[in-house]
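The values are calculated or read from the model by the stated rules, or taken from the named source; none is laboratory data. The shown structure was predicted, so the numbers you read here are calculated from the model rather than taken from an experiment. All Cβ positions, glycine included, derive from the backbone under ideal geometry; neighbour counts span all protein chains shown.
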Amino acid sequence: MAAPDRDTITAIATPPGKGGVGIVRISGSNLGPVLDALLGRPPRPRYAEFRHFLDADGRAIDSGIALYFPAPRSFTGENVLELHGHGGPVVLDLLLRRTLQLGCRLARPGEFSERAYLNGKLDLAQAEAIADLIDSSTEESARSAQRSLQGEFSAHIHHLQECLVRLRTYVEAAIDFSDEDIDLLDDATLGHEITGLLDELDTIDTKAHQGALLREGLTTVIAGRPNVGKSSLLNALAGRDLAIVTEIPGTTRDLLRESLQVGGLPLHIVDTAGLRDSEDPIEREGIRRARDALANADCILLVCDARHTEAGDALPADLPETIPLIRIFNKIDLTGAPASLTVQRETTVIHLSARTGEGVDLLRQEIIRRAGYKKGTEGVFSARRRHLDAIRRARAAVANARLYLHTKTAELLAEELRAAQKALGEITGEFTNEDLLNRIFSSFCLGK
Ligand SMILES: Nc1nc2c(ncn2[C@@H]2O[C@H](COP(=O)(O)OP(=O)(O)OP(=O)(O)O)[C@@H](O)[C@H]2O)c(=O)[nH]1
Ligand SMILES: [Mg+2]
């Protein structure tokens with residue numbers, strides 16, 4: 001399939017600053033005039049050629065390696081030219097301006113990858129993996145992004161989709177022949193296949209969940225009444241003196257964020273202003289921000305003073321109920337109680353001392369356990385929340401399909417299988433709307 005005509009885009013592909021080599025990348029349907037004007041004549045395809053990069057008067061702006069990849073065998077699937085010159089901001093800027101003068105347009109962030117996707121060089125999950133690989137903050141997340149980029153994640157999704165297509169064909173046949181004597185839905189293999197599909201969706205969910213955790217980390221918000229030791233707990237978890245700690249209630253007003261790694265899991269901890277009714281406008285704003293942070297948390301650490309268990313029992317009003325919560329009784333050094341982890345009415349309760357550090361390790365382990373993070377899970381893919389969401393929707397649809405198989409409602413069964421296939425298609429980009437594509441690619445860096 002030939003790529004549709006698109007205008008020519010240009011960008012500096014190397015990071016800002018000075019370096020040995022700087023690269024300008026150009027992609028478009030028709031590079032002829034640019035090649036002639038900039039290089040005198042087109043370079044031999046796929047060979048590194050040393051060339052002068054010329055300005056309008058035929059003088060060299062810089063010289064270096066020109067690499068020409070004619071369509072469709074290029075990153076974007078279009079004609080691509082890479083100019084590897086010297087990595088100085090001024091010389092690269094001159095070269096970029098020259099390409100603009102020749103009619104190229106400055107690429108939007110992620111536009112090269114977007115074209116690669118639109119021209120079928122990559123699917124959406126792979127394109128996202130490029131950004132994830134570049135953004136990786138740990139070795140493990142880089143490896144998982146590489147696996148997704150190589151197409152391992154997409155291959156699993158395609159396999160599931162093929163199973164769904166097979167099942168749908170079978171079920172649609174059952175609907176078509178429903179007047180006949182044979183009941184196709186009675187076939188035991190159909191039930192087996194659906195169960196097998198659910199198992200596979202569970203496996204992929206686990207791997208994708210680990211990948212999403214590695215990529216995005218876990219946002220944990222520390223909340224509670226003033227003076228209970230929230231900032232002290234942040235400092236204890238971070239292992240350094242980040243937040244101001246005083247005996248004055250209402251010390252913290254702004255949100256304080258710190259990213260750390262706990263056993264390989266990226267953990268974003270947010271310390272907040274103590275929750276109480278306050279007349280002070282600054283503190284009130286701090287409390288408003290605290291509530292915002294709470295609403296977006298993956299996990300809440302609700303801190304109380306171990307000496308006031310009664311007051312601690314009263315949850316601050318309108319704490320989001322759906323977010324997992326760990327209840328912490330701090331300052332056990334003042335009560336003499338030992339550090340402990342117990343489960344009370346389905347809530348984990350940890351007694352610790354932020355001052356002495358006793359029990360803080362129990363909390364670290366509990367956060368990792370809660371996140372469902374297992375270091376060293378085999379074959380983790382880099383995945384995003386939108387992938388997890390799609391996998392879960394597909395799983396729910398297949399689970400419904402199984403119910404409809406039992407009740408022999410073939411039309412509804414077929415409908416659920418169709419919904420599952422559509423949900424999985426969102427991952428690889430077969431069913432994706434324009435808005436989502438824009439959102440995904442605009443988060444890429446420039447020149448990618
Ligand atoms: N003995 C003891 N004191 C603690 C402990 N944790 C915190 N404190 C003290 O309690 C006081 C309040 O601590 P902070 O960490 O500022 O409390 P906070 O919850 O952040 O308070 P606000 O920011 O005002 O909401 C300080 O005097 C701390 O030294 C602890 O584990 N043991
Ligand atoms: Mg504080």
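Output the number of residues of the stretch 201-232 satisfying the condition of being within 17 Å of LEU363 (Cβ to Cβ), at pLDDT below 95 and either away from ligand 2 (no atom under 16 Å from the Cβ) or of a type in the set (Lys, Arg) (or both).
Within the stretch 201-232, residues that are within 17 Å of LEU363 (Cβ to Cβ), at pLDDT below 95 and either away from ligand 2 (no atom under 16 Å from the Cβ) or of a type in the set (Lys, Arg) (or both) number 3.
Please go through the stretch 270-282 and pick out each residue that is surrounded by fewer than 17 Cβ atoms within 10 Å (Cβ to Cβ) and away from ligand 1 (no atom under 11 Å from the Cβ).
If we filter the stretch 270-282 for residues that are surrounded by fewer than 17 Cβ atoms within 10 Å (Cβ to Cβ), which is where we start, we get 276-277, 279-282.
Selection gives ASP277, GLU279, ASP280, PRO281, ILE282.
Within the stretch 38-50, does at least one residue satisfy the condition of being part of a helix (DSSP H, G or I), at negative phi and under 31 Å from the mean Cα position of the chain (by Cα)?
Within the stretch 38-50, not a single residue is part of a helix (DSSP H, G or I), at negative phi and under 31 Å from the mean Cα position of the chain (by Cα).
Return yes when LEU160 is modelled with pLDDT of 90 or more, in a loop (DSSP other than H, G, I, E, B) and surrounded by 19 or more Cβ atoms within 10 Å (Cβ to Cβ) and no when it is not. Working first, answer last.
Working: modelled with pLDDT of 90 or more: yes; in a loop (DSSP other than H, G, I, E, B): no; surrounded by 19 or more Cβ atoms within 10 Å (Cβ to Cβ): yes.
In short, no.
Would you tally the residues in the stretch 203-236 being part of a helix (DSSP H, G or I) and within 12 Å of ligand 1 (Cβ to nearest atom)?
The initial filter retains those residues of the stretch 203-236 that are part of a helix (DSSP H, G or I), namely 203-216, 230-236.
Still in the list and also within 12 Å of ligand 1 (Cβ to nearest atom): 230-236.
Total satisfying the criteria: 7.
If I go through the stretch 247-269 residue by residue, how many of them are surrounded by 14 or more Cβ atoms within 10 Å (Cβ to Cβ), on the phi < 0 side of the Ramachandran plot and away from ligand 1 (no atom under 12 Å from the Cβ)?
Adding up the residues that qualify gives 9.
Taking SER178, is it at pLDDT below 85, outside any helix (DSSP H, G or I) and surrounded by 12 or more Cβ atoms within 10 Å (Cβ to Cβ)? Show your work before the answer.
On the way: at pLDDT below 85: yes; outside any helix (DSSP H, G or I): yes; surrounded by 12 or more Cβ atoms within 10 Å (Cβ to Cβ): yes.
So SER178 passes the test.
What single numbered condition from (1) in contact with a helix residue (DSSP H, G or I) (Cβ under 9 Å, 6 or more places away or on another chain); (2) in a loop (DSSP other than H, G, I, E, B) fails to hold for PRO15?
It fails just one condition, (1).
Working only within the stretch 247-271, note down all residues that are within 8 Å of ligand 2 (Cβ to nearest atom) and hydroxyl-bearing (Ser, Thr, Tyr).
THR251, THR252
Can you tell me which condition ASN433 does not meet? The list is (1) in contact (Cβ under 8 Å) with a residue 12 or more places away in the chain; (2) within 19 Å of the chain's Cα centre (by Cα); (3) over 30 Å from THR220 (Cα atoms), and all the others hold.
The number of the failed condition is (1).
Enumerate the helices (runs of 4 or more DSSP H) found wholly within the stretch 102-153, keeping only those where 1 or more residues are farther than 22 Å from ARG6 by Cα and in contact with a Phe, Trp or Tyr (Cβ under 6 Å, 6 or more places away or on another chain). Let's see the steps before the verdict.
On the way: elements: 111-118, 124-135, 139-149.
Because the criterion is at least 1 residues that are farther than 22 Å from ARG6 by Cα and in contact with a Phe, Trp or Tyr (Cβ under 6 Å, 6 or more places away or on another chain), the helices (runs of 4 or more DSSP H) in the stretch 102-153 that meet it are 124-135, 139-149.
Please pick out the residue among ALA420, ALA397 that is free of Cβ contacts under 8 Å to residues at least 60 places away in the same chain, under 30 Å from GLY191 (Cβ atoms) and assigned to a helix (DSSP H, G or I).
Working: ALA420 fails: free of Cβ contacts under 8 Å to residues at least 60 places away in the same chain.
Sole residue among the options that is free of Cβ contacts under 8 Å to residues at least 60 places away in the same chain, under 30 Å from GLY191 (Cβ atoms) and assigned to a helix (DSSP H, G or I): ALA397.
Which one is nearest to ligand 1 (Cβ to nearest atom) among residues in the stretch 283-303 that are in contact (Cβ under 8 Å) with a residue 60 or more places away in the chain and in a helix (DSSP H, G or I)? Walk me through it before giving the result.
Narrowing the stretch 283-303 to residues in contact (Cβ under 8 Å) with a residue 60 or more places away in the chain: 290, 293-294, 296-303.
Filter again for in a helix (DSSP H, G or I), leaving 290, 293-294.
Values: ALA290: 9, ALA293: 14, LEU294: 14 Å.
Step by step, filter the stretch 283-303, then rank; the result is ALA290.
If we scan the stretch 400-413, do we find a residue that is under 18 Å from the mean Cα position of the chain (by Cα) and modelled with pLDDT of 85 or more? Give the derivation first.
Taking the stretch 400-413 and keeping what is under 18 Å from the mean Cα position of the chain (by Cα), we get none.
There is no residue in the stretch 400-413 that is under 18 Å from the mean Cα position of the chain (by Cα) and modelled with pLDDT of 85 or more.
Just give me the residues in the stretch 128-144 being hydrophobic (A, V, I, L, M, F, W, C), closer than 20 Å to LEU260 by Cα and in contact with a Leu (Cβ under 9 Å, 6 or more places away or on another chain), in sequence order. Before the answer, list the steps.
Here is the first cut: in the stretch 128-144, the residues hydrophobic (A, V, I, L, M, F, W, C) are 129-131, 133-134, 142.
So of that shortlist, the ones also closer than 20 Å to LEU260 by Cα come out as 133-134, 142.
Listed by number, the residues that qualify are LEU133, ALA142.
Take SER63 and decide whether it is assigned to a strand (DSSP E or B) and at negative phi.
yes
Is it the case that ARG166 is under 30 Å from GLN126 (Cβ atoms), buried (at least 22 other Cβ atoms within 10 Å of the Cβ) and more than 16 Å from ligand 2 (Cβ to nearest atom)?
On the way: under 30 Å from GLN126 (Cβ atoms): yes; buried (at least 22 other Cβ atoms within 10 Å of the Cβ): no; more than 16 Å from ligand 2 (Cβ to nearest atom): yes.
Considered against the rule, which asks whether it is under 30 Å from GLN126 (Cβ atoms), buried (at least 22 other Cβ atoms within 10 Å of the Cβ) and more than 16 Å from ligand 2 (Cβ to nearest atom), ARG166 comes out as no.
So, ILE244, is that one surrounded by fewer than 16 Cβ atoms within 10 Å (Cβ to Cβ), within 11 Å of ligand 2 (Cβ to nearest atom) and closer than 24 Å to ALA306 by Cβ or not? Lay out the reasoning, then the answer.
Working: surrounded by fewer than 16 Cβ atoms within 10 Å (Cβ to Cβ): yes; within 11 Å of ligand 2 (Cβ to nearest atom): yes; closer than 24 Å to ALA306 by Cβ: yes.
Yes.
In this structure, is GLY110 in contact with a strand residue (DSSP E or B) (Cβ under 9 Å, 6 or more places away or on another chain) and small (Gly, Ala, Ser)? Steps first, answer last, please.
Working: in contact with a strand residue (DSSP E or B) (Cβ under 9 Å, 6 or more places away or on another chain): no; small (Gly, Ala, Ser): yes.
The answer is no for GLY110.
Here are ALA399, ALA371, ALA390: which of them is more than 16 Å from ligand 1 (Cβ to nearest atom) and closer than 23 Å to GLU152 by Cα? Quick ask: steps written out before the conclusion?
On the way: ALA399 fails: closer than 23 Å to GLU152 by Cα; ALA371 fails: closer than 23 Å to GLU152 by Cα.
Among ALA399, ALA371, ALA390, only ALA390 is more than 16 Å from ligand 1 (Cβ to nearest atom) and closer than 23 Å to GLU152 by Cα.
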